[in-house]
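S.K.: There's a structure below that I have some questions on.
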Amino acid sequence: MKIVDIQWGRISLPLVRPFKTALRTVEAVNDIVVRVITDQGLVGYGEAPPTAVITGDTEASILCAVQDYIRPALIGMDVMDLEAVMQKLHGCMAHNTTPKAAVDMALYDLWAQAQGQPLYKLLGNARTELRTDLTISVNPIPQMVSDSLEAVQQGFDVLKIKVGKEGLADVERIDAIRQAVGEKVQLRVDANQGWTPEQSVEIIRAMEEKDLKIELVEQPVPAHDLDGLEFVTRRVHTPILADESVFSPQDAREILRRRAADMINIKLMKTGGIFQALKICHMAEQSGVECMIGCMLESRLSVAAAAHLAAGQSVITRADLDGPSLCARDPYHGGPIFDGASIAMSEDVGIGVRDVPCEVWS
């Protein structure tokens with residue numbers, strides 16, 4: 001089953017409300033979509049969100065990577081020789097993990113379609129249902145409390161609270177949300193690299209002293225500061241989740257070697273897709289370290305691919321796959337069923353999402 005073309009287009013979906021973190025404010029999902037076409041008529045789909053503040057990828061760099069490097073490298077290759085195709089995909093250019101992820105998931109979509117199976121069953125078949133948290137954007141405290149209560153009313157029992165802008169004032173934010181939602185709702189805290197190591201220890205210890213029952217704190221320090229990440233992990237009781245510090249299997253290996261974090265957050269847009277993400281899963285499993293599956297601001301197209309990976313791998317014990325819930329509309333059909341906090345895997349072959357709406361395929 002040979003690749004005969006790789007095409008690209010754009011999709012734009014408004015968000016329910018602005019998405020605000022310590023790094024950026026976004027009001028819509030504006031992503032590049034790709035489709036890989038084979039000589040047998042099968043089509044695989046993928047998605048690439050420009051997230052320059054995290055991955056370094058812009059819309060222009062994504063399009064350049066797909067048009068000028070990835071497409072010429074892969075045309076004529078056999079999808080069923082997946083190892084060879086993935087080696088060529090990841091070797092045709094350095095970095096640029098986002099466009100690689102979009103093409104990677106399209107290739108896995110085709111690989112599973114050709115075998116007549118849902119992708120997650122070929123990746124390990126660990127479970128058929130997932131539960132995701134919902135992200136609460138950083139805002140004035142009353143707004144964050146209101147958004148948290150609304151999320152709980154919608155059936156979300158795990159909330160990821162964005163912080164990282166105001167130091168110790170973030171403790172007040174989390175305290176107010178905890179008092180509002182009660183103790184049965186799990187709270188995850190995501191600083192998005194917003195604190196120094198010393199600040200992180202001070203803030204996390206303050207939350208521990210208040211007994212706010214935080215499940216984990218995600219990426220408290222800048223991504224490159226592994227010394228700082230290890231400093232924090234060794235000085236608090238709350239589990240620390242490495243996110244932006246882990247893009248590649250090499251990054252994961254160093255985090256695991258140093259025990260610089262308690263858990264690893266896998267995102268396909270950081271790893272360059274499922275192929276590399278599986279390597280991180282295997283290393284984490286061998287080290288006895290649990291993983292979370294996350295996403296950028298993505299539509300259901302690429303979040304469905306992440307759900308297949310999570311459903312296939314038992315080492316992924318937590319899900320932060322709220323992209324579809326953050327979008328004001330869902331134009332897709334097929335694939336995993338996203339219903340609030342619940343994600344149910346379907347029997348649709350491949351990743352399952354079909355007839356991706358795009359005005360112009362180039």
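S.K.: Highest mean first, how do 138-144, 212-218 rank when packing is the count of other Cβ atoms within 10 Å averaged over residues?
M.R.: Values: 138-144: 15.7, 212-218: 20.3.
So the order, starting with the most tightly packed, is 212-218, 138-144.
S.K.: I've got another one for you. Taking loop as defined by DSSP and a crowding limit of 11 other beta carbons within 10 Å, which trypsin sites (Lys or Arg not before Pro) in region 171-200 fit? Numbers along the way, then the final one.
M.R.: Numbers: sites: Arg173, Arg178, Lys184, Arg188; in loops: Lys184.
Answer by residue number: Lys184.
S.K.: Pull out the extension gain between Gln154 and Arg235, defined as 0.36 nm times the separation in residues minus the alpha carbon to alpha carbon distance; nm, one decimal.
M.R.: That pair, Gln154 and Arg235, stretches by 25.6 nm at full extension.
S.K.: Same structure again: Let me cross-check Lys279: its accessible surface, 1.4 Å probe, with only protein heavy atoms counted, in Å² to the nearest 10?
M.R.: 80
S.K.: Report the relative contact order of region 112-212, percent, no decimals, based on alpha-carbon pairs under 8 angstrom and at least 6 residues apart.
M.R.: On the way: 106 pairs, mean separation 25.7, N = 101.
Relative contact order, region 112-212: 25 percent.
S.K.: Viscosity 0.692 mPa s, temperature 37 °C: give me the Stokes-Einstein translational D for the chain in µm²/s, with Rh taken as the Kirkwood radius over C-alpha pairs.
M.R.: On the way: Rh = 20.4 Å.
Estimated via Stokes-Einstein, D reaches 161 µm²/s.
S.K.: With every protein chain kept in place and ligands, DNA and RNA left out, what is the accessible area per residue of region 55-126? Probe 1.4 Å, answer in Å².
M.R.: Spelled out: the 1.4 Å probe surface of region 55-126, per residue, equals 37 Å².
S.K.: Show me 98-105, 293-300, 115-122, 165-172 ranked by packing, highest mean number of other Cβ atoms within 10 Å first.
M.R.: Those peptides, ordered most packed to least, come out 98-105, 293-300, 115-122, 165-172.
S.K.: Calculate what fraction, in whole %, of the accessible area of the chain sits on carbon and sulfur atoms when a 1.4 Å probe is rolled over the protein chains. Please report the intermediate quantities before stating the final value.
M.R.: Numbers: 6420 of 13680 Å².
For the chain, the apolar C and S fraction of the accessible surface comes to 47 percent.
S.K.: Binning at 5 Å from 0, report for region 48-146 what percent of all alpha-carbon pair distances ends up in each bin.
M.R.: 2, 11, 17, 15, 14, 14, 12, 7, 4, 3, 1, 0
S.K.: Could I ask something else about it? To the nearest 10 square angstrom, how much accessible area does Cys327 have with a 1.4 angstrom probe?
M.R.: 10
S.K.: Right, something else. For region 262-362, what D do you get in µm² per second when you plug the Kirkwood radius from alpha-carbon pairs into Stokes-Einstein at 20 °C and 1.002 mPa s? Don't jump to the answer; show the numbers that get you there.
M.R.: Working: Rh = 14.2 Å.
It comes out at roughly 151 µm²/s.
S.K.: Taking only C-alpha pairs under 8 Å that are 6+ residues apart, what is the relative contact order of the chain in percent?
M.R.: Answer for the chain is 21 percent.
S.K.: Output the relative contact order of region 189-290, whole-number percent, from Cα pairs under 8 angstrom with separation of 6+ residues.
M.R.: This gives 23 percent for region 189-290.
S.K.: Given Cβ point charges of +1 (Lys, Arg) and -1 (Asp, Glu) and nothing else, what value in debye, to the nearest 20, does the dipole of region 217-346 about its Cα centre take?
M.R.: For this selection, approximately 240 debye.
S.K.: Something else now. What are the equivalent ellipsoid semi-axes of region 111-259, built from the alpha-carbon gyration tensor (square roots of five times its eigenvalues), in whole angstrom, biggest first? Walk me through the intermediate numbers first.
M.R.: Values: eigenvalues 167, 110, 31 Å².
Output for region 111-259: semi-axes of 29, 23, 12 Å.
S.K.: In vacuo Debye scattering of region 60-111, one point per C-alpha: log10 I(q)/I(0) at q = 0.17 Å⁻¹?
M.R.: Those come out to -0.44, one per q.
S.K.: How big is the shadow of the Cα convex hull of region 26-100, averaged over all directions, in nm²? Working shown, then result.
M.R.: Working: hull surface 21.5 nm².
About 5.4 nm², averaged over all directions.
S.K.: Then there's this: Averaged per residue, what accessible area in Å² does region 1-51 show with a 1.4 Å probe, protein chains only? Don't skip to the end; give the middle numbers.
M.R.: Details: 1980 Å² over 51 residues.
Accessible area per residue, region 1-51: 39 Å².
S.K.: Just the number, please: percent antiparallel of the DSSP beta bridges in region 101-248, rounded to the nearest 5.
M.R.: Once the DSSP bridges in region 101-248 are tallied, antiparallel ones form about 0 percent.
S.K.: For region 195-323, what is Rg from Cα atoms divided by 2.2 N^0.38 Å, rounded to two decimals?
M.R.: That ratio works out to 1.03.
S.K.: Give the peptides 21-31, 302-312, 345-355 in descending order of average Cβ contacts within 10 Å, highest first.
M.R.: Ranked by mean Cβ neighbours within 10 Å, highest first: 302-312, 345-355, 21-31.
S.K.: Next up: Heavy atoms only, 1.4 Å probe, whole protein assembly: order Asp157, Asp320 by accessible area, highest first.
M.R.: Ranking Asp157, Asp320 by accessible area, largest first, yields Asp157, Asp320.
The values are calculated or read from the model by the stated rules, or taken from the named source; none is laboratory data. This one's a predicted model, so the numbers in the text were calculated from it and none came from an experiment. In this analysis, Cβ positions are derived from the backbone assuming ideal geometry, glycine residues included, and neighbour counts consider all displayed protein chains. Quick note on the areas: whole protein, heavy atoms, side chains included, nothing else; ligands and nucleic acids left out. Shrake-Rupley method; radii C 1.70, N 1.55, O 1.52, S 1.80 Å.
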